[in-house]
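Taking it in order: structure first as structure tokens, then the write-up.
The values are calculated or read from the model by the stated rules, or taken from the named source; none is laboratory data. Bear in mind the structure is a predicted one, so any value in this text is a computation, not a measurement. Using ideal geometry, Cβ is built from the backbone for each residue, glycine included, and neighbour counts are taken over all protein chains shown. The accessibility values were calculated without ligands, DNA or RNA, using every heavy atom of the protein model including side chains. Shrake-Rupley method; radii C 1.70, N 1.55, O 1.52, S 1.80 Å.
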Amino acid sequence: MKFSPNQVDRVLIFDTTLRDGEQSPGATLNVAEKLTIAKQLAKLGVDIIEAGFPFASPGDFQAVQQIAEQVGTEDGPVICGLARATQKDITTAAEALKPAAYGRIHTFIATSDIHLKYKLKKSRTDVLGITSEMVALAKSFTDDVEFSPEDAGRSDPEFLYEVLERAIAAGATTINIPDTVGYITPTEFGTLIRGIKENVPNIDQAIISVHGHNDLGLAVANFLEAVKNGARQLECTINGIGERAGNAALEELVMALHVRRQYYNPFLGRPAESETPLTNIDKSQIYKTSRLVSNLTGMLIQPNKAIVGSNAFAHESGIHQDGVLKNKLTYEIMDAESIGLRDNQIVLGKHSGRNAFRTRLKELGFELSEQDLNKAFVRFKELADKKKEISDWDLEAIVKDETQVQMVNGFRLELVQVSCGNRACPTATVTLLTPDGQELTDAATGTGPVDAVYKAINRVVNVPNKLTEFSVQSVTAGIDAMGEVTIRLQHEDRLYSGHSANTDIIVASAQAYINALNRLDTALQMQASLPPEKAQLGLEEPARV
Ligand code: KIV
Ligand code: ZN
């Protein structure tokens, strides 16, 4: 086991972007995208990656397995898979985690009376029995077992103590306290954690972890209060994405613990002035990770979002600007560079060669294969022809775009052409390359050029869907800036997102739409192939937490 309960002297960061984060409506990621994010999370320095819920779908199973294999190395993070407290969930999770050097099974069952009565239709005695039995089963596969009493925030504390004691006795080494519905307040959460420390007799044999949702905007505040009362593992997501209002945001927790380290140090038994980091996170990777997750999930970041929002380090008022120019400390409690946010420097231009391009990408942390580098270089040259000065943000957009487009083995955009204007009927022609290499062309009219393009694409792809969100943001300032298009479309009750960047927003719009359609198409193909997979994995019912 990588983290044994009596050796933890800092706050462990358990990232659940790929599991709870991916449960955000429309944030569905394919296996390759999950792998890309997992690699970046490892660079960020998270201690544990919850890579998915293997029993939920064949895609989740594959993602957990591949992340276990490629990211769960000896010096990498612990890879965790979620499992309800059932035999099939636990054995499936164990199977998916096999390739990891350090694998953790995270099993859970609800403990609140509301969940017991209406959802589980089980008694408290049933839950105690299931907890002992299923934690022991998980323990038979790995020494690293995490147990969560779901809806702990609304559970009777006395019953909770009993369940936790059983879980630890059966082998759980981390006990995680979820505020599943985002109901609890900071003081209450602190009291609950202290109560657990004081009333669960074998608590010294487990790490106390917390998990919480942001329905009342209190998740981060709750976690910080939990740290003060003994929690040593925080379950969080990049940009705070997750079910409903989301989860506690990793970047906010890490920066709060860092900026206010003198305040939090004593709660970890250290002198206030200790400079030993409270977490293992490489803060300079925060901004990059945030952008990657936003681009791949299609979940945009609100400008005023703490730490990673575009306004988080911007000063608008004259008084503030004047103060910051005189001394940053007047209005800034942390440095933008500490999270890896560089100035939008102009770095390359039309005459920059492949070497300069490769070197700058490397400095930005992108290590591309020769093939990917060549593709990105072609895009860079095309962009440099249109835009004199290329910034880091442009480079980042190109690389992300190329990597995303490339990941999907689906339809490809060959041509898009529009005619529009104040006296014209917006008309679009598109040519797409189908997954089996056929070239198909069609045309349509619409209320505007984007509408016409989307109608023409729909005529070719022919998968029913409804566009529910369309947004364009510019990557940099200036008339020649690249536009980043993010869209979401709905098919039945699920949302699929797509993202693309280009100086021509019609091209970016078409590409973003195709990326989303490819996701939808992959999901449909997965569904179509479900019966045999279902049998293989023992899937019986859709499993979502
Ligand atoms: O919110 C929740 O309760 C969960 C559990 C599975 C930990 O996500
Ligand atoms: Zn959750």
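Observations on the model:
- Picking from residues in segment 332-341 that are touching a helix residue (DSSP H, G or I) at 6+ places or on another chain (Cβ under 6 Å) and part of a loop (DSSP other than H, G, I, E, B), the one that is most open to solvent (accessible area, probe 1.4 Å) is ILE333.
- As for segment 381-401, it holds no residue that is assigned to a loop (DSSP other than H, G, I, E, B) and not basic (Lys, Arg).
- Cβ-Cβ contacts under 6 Å between residues 6 or more apart (or on different chains), taken from a first residue in segment 189-205 that is touching a residue at least 60 places away in the same chain (Cβ under 8 Å) to a second residue that is of a type outside the set (Phe, Trp, Tyr), are listed as GLN205/PRO5; GLN205/ILE168.
- Of the residues contained in segment 230-238, one or more are found to be within 16 Å of ligand 2 (Cβ to nearest atom) and either farther than 13 Å from ILE177 by Cα or open to solvent by 10 Å² or more (accessible area, probe 1.4 Å) (or both).
- Here segment 166-181 is the region considered, the condition is being surrounded by fewer than 23 Cβ atoms within 10 Å (Cβ to Cβ) and not in a helix (DSSP H, G or I), and the residue that is farthest from ligand 2 (Cβ to nearest atom) is GLY171.
Okay, residues lined up against (1) modelled with pLDDT of 95 or more; (2) more than 16 Å from ligand 1 (Cβ to nearest atom); (3) crowded, with 19+ Cβ neighbours inside 10 Å; (4) not hydrophobic (A, V, I, L, M, F, W, C):
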| residue | (1), (2), (3), (4) |
| --- | --- |
| ILE241 | yes, no, yes, no |
| GLU252 | yes, yes, yes, yes |
| LEU257 | yes, yes, yes, no |
| ILE281 | yes, yes, yes, no |
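Here is a yes/no grid of residues against (1) among the charged types (D, E, K, R); (2) open to solvent by 20 Å² or more (accessible area, probe 1.4 Å); (3) over 19 Å from LEU164 (Cα atoms); (4) touching a residue at least 12 places away in the same chain (Cβ under 8 Å):
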{"position": "LYS88", "(1), (2), (3), (4)": "yes, yes, yes, yes"}
{"position": "THR92", "(1), (2), (3), (4)": "no, no, yes, yes"}
{"position": "GLU95", "(1), (2), (3), (4)": "yes, yes, yes, yes"}
{"position": "LYS98", "(1), (2), (3), (4)": "yes, yes, yes, yes"}
{"position": "ILE114", "(1), (2), (3), (4)": "no, yes, no, yes"}
{"position": "SER132", "(1), (2), (3), (4)": "no, yes, no, yes"}
{"position": "GLU146", "(1), (2), (3), (4)": "yes, no, no, yes"}
{"position": "GLU150", "(1), (2), (3), (4)": "yes, no, no, yes"}
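- Pair list, Cβ under 8 Å, 6 or more apart: segment 354-369 residue in a loop (DSSP other than H, G, I, E, B), other residue of a type in the set (Lys, Arg): LEU364/LYS288; GLY365/LYS43; GLY365/LYS288
- Highlighted here are the strands (runs of 3 or more DSSP E) found entirely within segment 450-534 that include at least 3 residues which are closer than 30 Å to ASP89 by Cα: 494-502.
- Residue list for segment 446-467, restricted to those being modelled with pLDDT under 95 and open to solvent by 60 Å² or more (accessible area, probe 1.4 Å): ASN462, PRO464, LYS466, LEU467
The rows are residues; the columns are (1) within 15 Å of ligand 2 (Cβ to nearest atom); (2) open to solvent by less than 50 Å² (accessible area, probe 1.4 Å); (3) of a type in the set (Phe, Trp, Tyr); (4) part of a strand (DSSP E or B).
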residue	(1), (2), (3), (4)
LEU164	no, yes, no, no
PHE189	yes, yes, yes, no
GLU198	no, no, no, no
ILE208	no, yes, no, yes
ASP215	yes, no, no, no
ALA221	no, yes, no, no
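- Whenever a residue of segment 416-444 is at pLDDT below 95 and in a strand (DSSP E or B), it has no partner that is surrounded by fewer than 17 Cβ atoms within 10 Å (Cβ to Cβ) and aliphatic (A, V, I, L, M) lying with C-beta atoms less than 7 angstrom away and at least six residues away or across chains.
- Condition met for VAL8 (within 27 Å of ALA226 (Cβ to Cβ) and surrounded by 21 or more Cβ atoms within 10 Å (Cβ to Cβ)): no
- For HIS315: the one exception among (1) within 17 Å of GLY26 (Cβ to Cβ); (2) part of a loop (DSSP other than H, G, I, E, B); (3) touching a residue at least 12 places away in the same chain (Cβ under 8 Å): (1)
- Filtered by the rule that a residue be free of Cβ contacts under 8 Å to residues at least 60 places away in the same chain and either within 12 Å of LYS2 (Cα to Cα) or surrounded by 23 or more Cβ atoms within 10 Å (Cβ to Cβ) (or both), segment 55-64 gives ASP60, ALA63, VAL64.
- Single condition LEU234 does not satisfy, out of (1) more than 14 Å from ligand 1 (Cβ to nearest atom); (2) of a type outside the set (Phe, Trp, Tyr); (3) out of contact with any Lys or Arg (no Cβ under 6 Å at 6 or more places or on another chain); (4) closer than 30 Å to SER338 by Cβ: (1)
- Candidate set from segment 21-39 (those that are more than 16 Å from ligand 1 (Cβ to nearest atom) and open to solvent by 10 Å² or more (accessible area, probe 1.4 Å)); member that is farthest from GLN65 (Cα to Cα): THR28
- Residue, nearest to ligand 1 (Cβ to nearest atom), within segment 1-20, restricted to residues that are among the acidic types (Asp, Glu) and touching a strand residue (DSSP E or B) at 6+ places or on another chain (Cβ under 7 Å): ASP20
- Which listed residue is surrounded by 15 or more Cβ atoms within 10 Å (Cβ to Cβ), part of a helix (DSSP H, G or I) and on the phi < 0 side of the Ramachandran plot, from LEU292, LEU329: LEU292
- Picking from residues in segment 239-275 that are outside any helix (DSSP H, G or I) and among the acidic types (Asp, Glu), the one that is nearest to PRO178 (Cα to Cα) is GLU243.
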